[in-house]
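Student: The following block contains the structure, expressed as structure tokens.
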Amino acid sequence: MRILIYGAGVIGYLYAALLADAGYDTSIYARGKRLEILKNNGLLYKKNQDLIKVKIKILEEVPDDDIYDFILLTVRENQLYEALTELKNNKSNTIVTMVNSLDSYKKWEDIVGTGRILPAFPGAGGSINDDGILDASLTPRIIQPTTFAEISGNKSERTKQFSEILRHAHIPYQKVTDMHLWQLCHLAMVVPIADAYYESDDPEKVEKEWKIMRTTAERLKRNFNFLRKQKGKLSPWKMNIFRFLPLSFLTIMLAVTFESSFGDKFMYQHAMKAPDEMRELHKQFYAYMKRMK
């Protein structure tokens with residue numbers, strides 16, 4: 001089984017490390033400074049108190065005839081179309097798009113070809129320091145496992161195969177029937193959370209700004225009530241908690257979460273390192289809401 005990780009950010013590093021450690025023939029494609037670090041030092045990550053070096057192939061190009069069973073596209077939303085264009089002539093059959101986006105999957109297929117896209121989203125967070133050392137972990141299963149689905153929502157041989165790869169690598173996962181709805185619900189949650197950091201004068205201590213916490217709770221309620229009305233359901237169902245919880249209780253829950261180590265690793269670090277991406281997703285999500293009203 002050959003797997004290519006296209007993108008050397010936190011998500012790419014972590015999935016590359018986990019899949020390589022599980023024994024899969026894994027390669028990672030990188031560019032710029034991250035490529036130089038990988039070539040000089042290899043892929044390094046913290047595991048408990050140890051520093052682990054991953055046995056992995058490091059690529060600075062992806063030839064058209066270099067064929068993989070799965071290509072995991074782990075880039076930011078604003079890098080998506082450039083990446084798809086670079087991969088359009090590669091002969092691999094499946095590109096797993098682990099990207100935050102509300103774009104039509106058909107637009108992606110128009111670039112790389114019908115049937116090649118397997119929409120997905122990772123369940124992970126963390127950081128890479130200036131020396132290229134990864135400090136990251138998978139999101140707890142109960143909160144957000146790696147999520148994927150065929151565009152049609154049907155089961156397929158490759159979703160079965162991808163499930164087995166993740167299971168063997170001890171990566172929690174879930175298959176859904178409507179990946180677009182799942183991503184809508186995900187953005188309904190993460191956009192207000194990122195906005196809270198950007199609106200604060202002291203993002204590291206935003207949980208102490210009660211007005212921002214309450215505004216974030218109000219936005220979450222509004223977003224999920226809107227999606228429930230428009231779509232008839234939320235995905236996953238547990239997102240209804242944002243609709244059902246009293247505003248005061250939700251505000252307190254948010255403050256506790258923002259202050260926690262979970263909030264630091266899975267919320268703060270990404271929001272502060274990818275503001276351009278998150279602000280673009282803010283535009284996409286609220287433009288979607290405006291169109292649907």
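The values are calculated or read from the model by the stated rules, or taken from the named source; none is laboratory data. From a predicted model like this one, the values you see are computed outputs, not experimental measurements. Neighbour counts are summed over all protein chains in view; Cβ atoms, including those assigned to glycine, are modelled from backbone coordinates with ideal geometry. These area figures cover heavy atoms from the full protein model, side chains too; ligands, DNA and RNA do not enter into them. Shrake-Rupley method; radii C 1.70, N 1.55, O 1.52, S 1.80 Å.
Student: Could you grab me the full set of residues in the range 110-121 that are in a strand (DSSP E or B) and farther than 15 Å from GLY153 by Cβ?
Tutor: Scanning the range 110-121 gives a single hit, PHE121.
Student: Would you call ASP25 open to solvent by 30 Å² or more (accessible area, probe 1.4 Å), within 23 Å of the chain's Cα centre (by Cα) and modelled with pLDDT of 95 or more?
Tutor: Yes.
Student: Search the range 145-161 for residues being part of a loop (DSSP other than H, G, I, E, B) and touching a strand residue (DSSP E or B) at 6+ places or on another chain (Cβ under 8 Å), and hand back the single one that is surrounded by the most Cβ atoms within 10 Å (Cβ to Cβ).
Tutor: Among those residues, the one meeting the criterion is ALA149.
Rundown of residues vs (1) closer than 27 Å to VAL176 by Cβ; (2) open to solvent by 50 Å² or more (accessible area, probe 1.4 Å); (3) assigned to a helix (DSSP H, G or I), yes/no style:
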position	(1), (2), (3)
GLU207	no, no, yes
ARG214	no, yes, yes
ALA217	yes, no, yes
ASN223	yes, no, yes
SER235	yes, no, no
ASN240	yes, no, yes
GLY263	yes, no, yes
ALA271	yes, no, yes
ARG291	yes, yes, yes
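Student: I've got another one for you. Could you look through the range 122-157, keep only residues that are charged (D, E, K, R) and modelled with pLDDT of 95 or more, and pick out the one that is farthest from HIS168 (Cα to Cα)? Explain how you work it out, then say what you get.
Tutor: Within the range 122-157, the first condition is being charged (D, E, K, R), and the residues that meet it are 130-131, 135, 141, 150, 155, 157.
Right, trim to modelled with pLDDT of 95 or more and you get 150, 157.
On the way: GLU150: 21, GLU157: 17 Å.
In this case the residue turns out to be GLU150.
Student: So, in the range 57-78, exactly how many residues are touching a helix residue (DSSP H, G or I) at 6+ places or on another chain (Cβ under 6 Å), surrounded by fewer than 20 Cβ atoms within 10 Å (Cβ to Cβ) and under 23 Å from GLY123 (Cβ atoms)?
Tutor: Residues in the range 57-78 being touching a helix residue (DSSP H, G or I) at 6+ places or on another chain (Cβ under 6 Å), surrounded by fewer than 20 Cβ atoms within 10 Å (Cβ to Cβ) and under 23 Å from GLY123 (Cβ atoms): 2 in total.
Student: Here's a follow-up. Output the residue which, of all residues in the range 169-189 that are touching a Phe, Trp or Tyr at 6+ places or on another chain (Cβ under 6 Å) and over 16 Å from LEU250 (Cβ atoms), is most open to solvent (accessible area, probe 1.4 Å).
Tutor: Among them, the one singled out is VAL176.
Student: Continuing with this model, one more query. Looking only at the range 190-201, filter to residues that are touching a helix residue (DSSP H, G or I) at 6+ places or on another chain (Cβ under 8 Å) and among the charged types (D, E, K, R); which one of those is most open to solvent (accessible area, probe 1.4 Å)? Can you show your working first?
Tutor: So the first thing to find is which residues in the range 190-201 are touching a helix residue (DSSP H, G or I) at 6+ places or on another chain (Cβ under 8 Å), and the list is 190-200.
This time we only want the ones that are among the charged types (D, E, K, R), so: 195, 199.
Working: ASP195: 16, GLU199: 90 Å².
Per the criteria, the residue is GLU199.
Student: Pairs, please: C-beta under 9 Å, at least 6 apart or cross-chain, first residue over 18 Å from LYS233 (Cα atoms) and charged (D, E, K, R) and in the range 166-187, second in a helix (DSSP H, G or I) and open to solvent by 10 Å² or more (accessible area, probe 1.4 Å)?
Tutor: No pair meets every condition.
Student: Continuing with the same structure: Looking at ILE171, is it within 20 Å of the chain's Cα centre (by Cα), under 30 Å from ALA20 (Cβ atoms), modelled with pLDDT of 95 or more and among the hydrophobic types (A, V, I, L, M, F, W, C)?
Tutor: Spelling it out, ILE171 is indeed within 20 Å of the chain's Cα centre (by Cα), under 30 Å from ALA20 (Cβ atoms), modelled with pLDDT of 95 or more and among the hydrophobic types (A, V, I, L, M, F, W, C).
Student: Which pairs have Cβ atoms under 6 Å, sit 6 or more apart or on different chains, and link a residue in the range 96-107 that is within 17 Å of GLN284 (Cα to Cα) to one that is part of a helix (DSSP H, G or I) and charged (D, E, K, R)?
Tutor: Hits for this filter: VAL99/GLU77; ASN100/GLU77; SER101/GLU77.
Student: Something else about it: Got a number for residues in the range 1-22 being surrounded by 24 or more Cβ atoms within 10 Å (Cβ to Cβ) and part of a loop (DSSP other than H, G, I, E, B)?
Tutor: Counting residues in the range 1-22 that are surrounded by 24 or more Cβ atoms within 10 Å (Cβ to Cβ) and part of a loop (DSSP other than H, G, I, E, B) gives 2.
Student: Based on this model, can you work out whether ASP110 counts as farther than 26 Å from LYS273 by Cα and among the charged types (D, E, K, R)?
Tutor: Here the answer is yes, as ASP110 does meet what is asked.
Student: Moving on to the next point. With the requirement that a residue be free of Cβ contacts under 8 Å to residues at least 60 places away in the same chain, over 19 Å from the mean Cα position of the chain (by Cα) and under 28 Å from THR85 (Cβ atoms), what does the range 117-147 give you?
Tutor: none
Student: Further question on the same structure: If the requirement is being closer than 22 Å to LEU184 by Cα and either part of a strand (DSSP E or B) or not β-branched (Val, Ile, Thr) (or both), which of these qualifies: LYS107, LYS53, LYS46, LYS33?
Tutor: Within the list LYS107, LYS53, LYS46, LYS33, the selection yields LYS107.
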